Each structure stands twice: as C-alpha cells, then as structure tokens.
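Below: one structure, written as structure tokens.
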Amino acid sequence: MFLPLVAVAFVVWIVLPVGALTAEVPAPHRPMAQPGLPWLSVHDRDIVDESGRRVLLRGFNDSALIESSLNPAPLDAADAHIMHASGFDVVRLPIVWSELEPARGRFNDSYLARVAAAVSLLNRNGLYVVFDMHFLGWSPVYGGSGAPSWATVQGVPDAHWGPMPSIGRLLSPAINISTAYFWLTSDWQNEYLHTWQWVASYFRDNSGVAGYDIINEPHSFPLAPFRFDKDQLWPFYARAVEAIGSVDSNHLFFLDNDMAGDIPTTVVPLRAPNLVFAPHVYTGALIPPYFTGDTGPLAVHVDELTSEAKAVPAALWFGEFSINIDHEDSDGWINAVLDAFEQRNAGWAWWQWRQDGGWGVRSADGKSLDVRFLKLLARPYVATAPAGVTSDHGDGIHGRLRVTVAANHGTQPIEIAWPSFTLGTPYVTSTCNATSRWDADLSRVIVTTPTGVACSLDVNMG
C-alpha cells in the first residue's frame, strides 16, 4: 500500500501548478540608436522598432568566442559581409562564463574586449547581435562549454559514455552534480547573474545589441522534469531578468525552452517587459525519429513552441535550428522548418555559420562557401513592416517574394531583405504605383505605398 501512495504523491507533486511570476524592470533610458540598427522592444508579442514596425530577425549562430579547447572557427569581415549581403540581420553570438569570470569575483577585461570587437564588426555590417551565454556539458572541465572550473563540484568522477556532445555525457556524475548544484542553490547563480550584469553594463547603450539569451539549453536532467521548469527554470528567469534589467533595461531578454528533447516546456507565466521566447528546433535532425519527408512531427513541435511563447507571454524567435546538410532529406527538412517559422511570423538563427562536417555555410578555415546551401536559407523576406503588411514564403532559389498590403496599412516604409549576394539586384512591381528603391548598403528594398489603398508587391530577380 505504501508504494502506490508514494507513486500517487509523486504524480501529484509533478503536476501541481505554481503561481505566475513577475520581474520588475525600470523604464528604458536609450541614447540615440546606431544608423540602421534602431532600438528594439516587444509589443503585443512582436519584436518592433522605435516607430512600432514589426522586425523579423533572421541570421546565424557563430561560435567564434567559445572556449579555445573546442577549436572555434574565427569570425572575420568576410563573414559579416556575406551574411548581410545575403539579407540577414542578426547573429546569435555565444559567449562563455568560463572566459568572462575565470576566477570567482574577477572578470576578464581582455575577453570582454574580444566580445566588443566582434559586436563592432557585426554592427558595422548592419547585423544585430544576440548574446548567448553558452553551455554544453556544463563546463570545459568536462570537455564541453560554459561554467568556469571554480563552478564545478570537485571530487566527483566524470565518467565518459561517449564523446561530447553525445547524449551519453548526460550520464556523467560530475556533470549532473555540478548542474544540479547550480539549479538547487543560489551560490553559483548569484555569481552568474553578476557576470551578466557586468556584460550588460558594458553594452547597455548599444542599439546594435538586440538582447541577452540568458542561458543556453537549460534542461531538467538530473532533476525531475516538469517540476524543474516550475521550481528552478522559470523562477531563475524571473531573477535573471530583474538582475540584468536593473543595470540595463534597454534590451530584449531571450528565454530558451527546457531542452528535454521534444518534451514540452512547462511554462510558468512571467510578467516582464521585452521578453522573447527563444526555443531550439532539432526535431528529426538530432532528435529521433529522424526526418524522411514526413513534416508532421515538425509541425506539431513548432505548434507546441508557439503555444509556449503565448503562455509566457513573449515574442517568438527560434534561437537555434539545424540539420546535417549531408543528410539526403536535409533540403526538405530545411524548407519545412522555414515554412513553419514564416507561418508564425517568427525569426530565427541557424546553427551555425562556420563549421565543417555538414552544419556550416562557410568552412571553419574560411576557404569554402556552400552557396547552394546559402540559397536555401537566404530567402527574401519582409524584415521591417508597419501593420497590415504580410507576405508569402520567399524563394531564395528562384528569387521571388510577394507582399500583400492591406488598405488600412501603417504609413511607415516597408523594408524587404533581399539576398543580393546570391540573387543580384531586385526589381519591384506593384498594383498601386508604390515607390521603391534598392539600398545596397542596407541590403533592403525600401517601399512606400499610397495610404488607404490595398496593394500587392512582387519582388523578383533583376
């Protein structure tokens, strides 16, 4: 009789709800924005610019600043130019706690200078930056990325069942105990948030920084699923938003989903300004069953993530998605995922830009660029638009996009991102005598349509 009662009590504990959370953040105090990189905020679950136009952020992850033990590829001016000339407007830039605070309470100015140089390079090329505090296997001490050596529990064996980043590394007692200690106590969390505050204080006046992805791919293991979200993850997010927001209320706060495979995140509603739900999608790519053409599981998972963003409530932006492009069905997977994101007006960042072995657009050494693959990702799209503007799925292979403008549309200009690097200069036709111009410096078609008139725009290769 005792065991069934324990089982019932455990199930009740797992499903027991918790109350909504609130994070207090001061009103923003923003200086003048950089040219071409207006300040961003969240309004009605959309990322918007200073004039209220919806902004769609599309781009790449680039891990040039992760630990040297993982042999990161460099980031150079050619990378930034190709991304921007291909119509992209954002880079999710992993940074690491192990380099920022290598000794407890002592921050690394030289590493922050490297971060600042990368931000400057990307901003000069018209690319926003989302900082991602990156984790993989908890720490470089265990062959991964993330926490400094002082933020690991000593004396625990690091048993290896497979190489990093194998799922088998989740069975390491050392990784599990260090991860659990972080989530179950405030000890390391306090230092982690102090590190974030140091970074945010440096970049708070930079409009070219879109925001802060608070922690990469948090997961419940070895803690109880579902309760982890309620008792650890979302209360931590509330603390983090308040802590970072106390020194920088100018930027967006990106919140990853619980990375327990494709198990839904148990969202605890969080009331705070400028929240962006930033899940990762590897359904059928890293998470089985593997993709063979059936788009059903992808659609189901993206729908789940869209519902989770609404439950926060937050804007939706997919911080990572990827598949090995050597997979025979990779083109179908990529097109299905991009279609699903576009249907939900959500931006994204591909993992990643420079990498060998089937995941990168540019090789690690920079000597080769997969233009065929770049075309799949570099679809034309409406990057910035007032209310009343929609579009179909852009075609990066054949070079076309159709934009529909309602009669009661907003009066601000429409900016259409166009991949001139792969498609050349575009031309625009319209049903309403719209005015348009191609701005090569911005990689944008700037369109103004008459007020009070419905309109269709067709953007094609010149």
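The values are calculated or read from the model by the stated rules, or taken from the named source; none is laboratory data. It should be emphasised that the depicted structure is a prediction, and the values quoted were computed from it without experimental measurement. All Cβ positions, glycine included, derive from the backbone under ideal geometry; neighbour counts span all protein chains shown.
Identify all residues within segment 138-162 that are farther than 14 Å from Pro102 by Cα and either of a type in the set (Phe, Trp, Tyr) or touching a residue at least 12 places away in the same chain (Cβ under 8 Å) (or both); write none if there are none.
Keep residues of segment 138-162 that are farther than 14 Å from Pro102 by Cα, which gives 138, 142-144, 153-162.
Those that are farther than 14 Å from Pro102 by Cα and either of a type in the set (Phe, Trp, Tyr) or touching a residue at least 12 places away in the same chain (Cβ under 8 Å) (or both): Trp138, Tyr142, Gly143, Gly144, Val153, Val156, Pro157, Asp158, Ala159, His160, Trp161.
Can you tell which of Gly399, Gly424 is more than 21 Å from Ala80 (Cβ to Cβ), among the small types (Gly, Ala, Ser) and either outside the structural domain of Gly59 (by TED's automatic domain parsing) or buried (at least 16 other Cβ atoms within 10 Å of the Cβ) (or both)?
Gly399
Under the condition of being modelled with pLDDT of 95 or more and assigned to a loop (DSSP other than H, G, I, E, B), which residue from segment 425-439 is nearest to Met461 (Cα to Cα)?
So the residue we want is Thr425.
Could you run through segment 96-124 and say how many residues are surrounded by fewer than 18 Cβ atoms within 10 Å (Cβ to Cβ) and in contact with a Phe, Trp or Tyr (Cβ under 6 Å, 6 or more places away or on another chain)?
Final tally of qualifying residues: 2.
Do the conditions hold for Val241, that is, is it of a type in the set (A, V, I, L, M) and crowded, with 19+ Cβ neighbours inside 10 Å?
yes
Taking the criterion of being under 18 Å from Val312 (Cα atoms), in the same structural domain as Ser330 (by TED's automatic domain parsing) and modelled with pLDDT of 95 or more, would at least one residue in segment 290-301 satisfy it?
yes
Within segment 29-75, track down each residue that is closer than 30 Å to Ala147 by Cβ and among the charged types (D, E, K, R).
Asp62, Glu67
Taking segment 291-305, which residues are under 17 Å from Gly261 (Cα atoms), in contact with a helix residue (DSSP H, G or I) (Cβ under 9 Å, 6 or more places away or on another chain) and either small (Gly, Ala, Ser) or in contact (Cβ under 8 Å) with a residue 40 or more places away in the chain (or both)?
Residues satisfying the conditions are Phe291, Leu298, Ala299, Val302.
For residues in segment 191-227 being over 24 Å from Asn61 (Cα atoms) and modelled with pLDDT of 95 or more, which is surrounded by the fewest Cβ atoms within 10 Å (Cβ to Cβ)?
Applying the filter and picking the extreme gives His194.
Which residue, of Ala200, Ala210, is part of a helix (DSSP H, G or I), among the hydrophobic types (A, V, I, L, M, F, W, C) and either more than 21 Å from Ala311 (Cβ to Cβ) or not assigned by TED's automatic domain parsing to the domain that holds Ser139 (or both)?
Details: Ala210 fails: part of a helix (DSSP H, G or I).
Checking each option against the conditions leaves just Ala200.
Only residues that are polar (S, T, N, Q) and either under 14 Å from Pro26 (Cα atoms) or assigned to a helix (DSSP H, G or I) (or both): list them for segment 229-263, please.
Gln232, Ser246, Ser249, Asn250
Here is a yes/no grid of residues against (1) surrounded by fewer than 21 Cβ atoms within 10 Å (Cβ to Cβ); (2) at pLDDT below 95:
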| position | (1), (2) |
| --- | --- |
| Gly126 | no, no |
| Ser139 | no, no |
| Gly143 | yes, yes |
| Gly146 | no, no |
| Gln154 | yes, no |
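Look through segment 401-424, keep the residues that are more than 14 Å from Asp458 (Cα to Cα) and of a type in the set (Val, Ile, Thr), and return whichever of them is farthest from the chain's Cα centre (by Cα).
Thr411
Give segment 373-393 a look and list any residue that's surrounded by 24 or more Cβ atoms within 10 Å (Cβ to Cβ), outside any strand (DSSP E or B) and small (Gly, Ala, Ser), or say none.
Within segment 373-393, just Ala378 meets the criteria.
For segment 251-272, name all the residues that are under 15 Å from Ala20 (Cβ atoms) and either in contact with a Gly (Cβ under 9 Å, 6 or more places away or on another chain) or surrounded by fewer than 24 Cβ atoms within 10 Å (Cβ to Cβ) (or both).
Thr266, Val267, Val268, Pro269, Leu270, Arg271, Ala272 - these are the residues of segment 251-272 that are under 15 Å from Ala20 (Cβ atoms) and either in contact with a Gly (Cβ under 9 Å, 6 or more places away or on another chain) or surrounded by fewer than 24 Cβ atoms within 10 Å (Cβ to Cβ) (or both).
Go through segment 296-336 residue by residue and tally those that are in contact with a Gly (Cβ under 9 Å, 6 or more places away or on another chain), polar (S, T, N, Q) and buried (at least 18 other Cβ atoms within 10 Å of the Cβ).
Count: 1.
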